[in-house]
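What follows is calculated from the coordinates using simple rules that are stated; it is not laboratory data. This one's a predicted model, so the numbers in the text were calculated from it and none came from an experiment. Methodologically, a virtual Cβ is constructed for each residue, glycine included, from the backbone with ideal geometry; neighbour enumeration extends over all protein chains shown.
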Amino acid sequence: MSESNAPAISNPVEYIQHHLTNMSLGGKPESLVDFNVFFIDTFLVSIALAGLFAYFGWKVGKNLDPDKPTGIQNVLEMVVEFVNQQIKDIFPSADKWIGPLALTIFVWVFLMNAMDMLPVDLLPSLVGGVASIFGADPHHVYFKVVPTTNLDTTFALALVVFSLIIFYNIKHKGLFGYLKIFLTHPFSASNIIVKVILAPFNVLMTTIEEIAKPVSLGLRLFGNMFAGELLFLLIALLGFAWAMPGQVALGVLWAIFHILVITLQAFIFMLLTIVYLSLASQGADEH
Amino acid sequence: MNITATLFGQMIVFTVLIWFIKSYLWEPILTTIEDRKARIAEGLAASQKGAEDMARAEEEAATVLKEAKVQAAAIIEQAKTRESQIVEEAKNKALVEAERVKAGAEAELEQEINRAKDSLRTQVAALALAGASKIVAKEIDTKTHKKVLDALVSQI
């Protein structure tokens, strides 16, 4: 979110905290994991973007022009070919679900990240304004726009990928083959006694390795987007004081740089998903 | 920075979105792209084949042209031969004709000469006879002296 016009709240700390609070059902979350809370803003924005993507995908997919592709069909064809090329390069034996999965990750994450490019105060003040019509205090109406600055979204994606990793492992190595990797990887030995001694370490190491995949996927995206959003908020704070020109200059610079981050994070998430699933699809002996 | 029930909502949205994109965008668009690739490859192959065909046709045309030229040269050669032959023949015929005409004329001339000689001889004989009769002053019977006269005639 590049700039803010007039922050509604005069206290900088309050301003930032206000922007980092979600509109939620069930109040503020009590602990790190609190399933009694549901973030409406994150869910609404992400579902709206999913709907946007699905709508254009459906519209283009329905009226495909085989000879003279125009407009959005060109864009989608380009993206599809790009994603397909990545899959062909990294994961040649991919089944028919990998492509749609990678495309969905790339486009959806990109769209959600791109919400960062809206001015930081645009949607929150709009929602606050609408709420105040219905008699709510705008200072207590929260709206956190970018869904990927929320652990729920990034971990939802990461966990779906994680369950697919497990599924593909079992599918290609068999349940026994998959469990065997926990015992014999990364330290292998030919002597049976050494094998037994190494087994607990192997189980530990492989478990960490496997768990690290979804955790790193989720945290990387979250961290990048959260940091970017926070920086936009800090830049917006310059608008409080005499530093208005600085706010504009820095905001523009960071917004331009953030275009790169947005695209890159979406791409990295997609690429790592393909890589992980490609690794999971190798046979037991190739591992 | 918390994990909440939104997680499950997002997982469901994500899964449904993957399924939707697969059936309504990914598969149709890939089919279209593959079809287009195939058709472009076909078109390129066809144009390649067309170019090859054309090259072959040009080669063929050149061959036919060359053959035609050779044939034309042969025909011209033949015509020339025939022409000189005809000229030769005509010349020969003319020569023969001229020879014939000349021979006829000569024969006629000969005949004419002979006839003139004959008539001359006859007239000389008559003159001789008239002269003789005058000299002898006695009428000589032509019939009686025919033998003498004939001998005379043949001597002239």
When the C-alpha atoms of chain B are aligned to their principal axes, what extent does each axis show, in angstrom, from largest down? 192, 22, 17
Virtual spin-label span in nm between B:A73 and A:N11, 7 Å along Cα→Cβ: 11.1 nm
Compute the relative contact order of the range A:3-286 as a whole-number percentage, counting only Cα pairs closer than 8 Å that sit 6 or more residues apart in sequence. 27 percent
Under 5 Å from the placed amide H of B:I3, counting only residues 5+ away or on other chains, we find A:V33, A:D34
What is the ratio of the Cα radius of gyration of the range A:175-251 to 2.2 N^0.38 Å, where N is its residue count, to two decimals? 2.12
Compute the distance in nm between two label points, each set 7 Å from the Cα along the Cα-to-Cβ direction, one at B:L120 and one at A:I166. 15.7 nm
In peptide A:79-88, how many Cβ atoms from other protein chains are near each Cβ within 10 Å, on average? 2
For A:V33 and A:F201, calculate 0.36 nm times their separation in residues minus their Cα-Cα distance, and state this gained length in nm to one decimal. 57.6 nm
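For the range B:44-123, go through all pairs of different Cα atoms, get the mean of 1/r, take its inverse, and jot down that Kirkwood value in Å. Before the final figure, lay out the partial values.
Values: mean 1/r = 0.0525 Å⁻¹.
By the Kirkwood definition, the hydrodynamic radius is 19.1 Å.
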Can you give the Rg to Rh ratio of the protein assembly as shown, both from alpha-carbon atoms, with Rh computed by the Kirkwood formula? 1.89
Those lysines that a straight Cα-Cα span of less than 19 Å connects to A:K28, excepting residues fewer than 8 apart in one chain: A:K144
Whole Å is fine, so just give me how far the alpha carbon centre of the range A:191-265 lies from that of the range A:15-67. 20 Å
For peptide A:95-101, how many partner chain Cβ atoms fall within 10 Å of a residue's Cβ, on average? 5
Straight-line reach from A:K171: which aspartates and glutamates have a Cα under 15 Å away, not including same-chain ones fewer than 8 places off? A:D95, A:D285, A:E286
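For n ≥ 4 DSSP H runs only, could you compute -39500 (n - 2.57) per run for the protein assembly as shown, divide by its residues and tell me the 222 nm figure to the nearest 500? Present the calculation step by step, with values, prior to reporting the outcome.
Details: 11 runs with 333 residues, N = 443.
-27000 deg cm²/dmol, from helical runs alone.
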Quantify how strongly other chains surround peptide A:158-166 by giving the mean number of their Cβ atoms within 10 Å of each of its Cβ atoms. 2
Which is farthest toward the positive dipole end of the range A:1-129 among A:L32, A:W97, A:G129, measuring Cα position about the Cα centre, with Cβ charges +1 (Lys, Arg) and -1 (Asp, Glu)? A:W97
Please work out how many pairs of lysine residues in the range B:3-122 are eight or more positions apart (or on different chains) and have Cα atoms closer than 27 angstrom. 10
Each label sits 7 Å from Cα toward the beta-carbon; between A:F187 and A:L126 the label points are separated, in nm, by 5.7 nm
About the Cα centre of chain A, what is the dipole size in debye to 20, counting +1 per Lys and Arg Cβ and -1 per Asp and Glu Cβ, all else neutral? 660 debye
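Taking neighbour counts of Cβ atoms within 10 Å as a proxy for exposure, in what order, fewest first, do A:D121, B:D35 appear? Don't skip to the answer; put the middle values down first.
Working: A:D121 22, B:D35 13.
Ordered from fewest to most neighbouring Cβ atoms within 10 Å, A:D121, B:D35 come out as B:D35, A:D121.
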Anchor A:K213: aspartates and glutamates whose Cα lies under 18 Å away (excluding residues fewer than 8 positions away in-chain): A:D152
List every residue whose amide H lies under 5 Å from the amide H of A:S24, counting only residues 5 or more places away in sequence or on a different chain, with H placed 1.01 Å from N in the peptide plane. A:I40
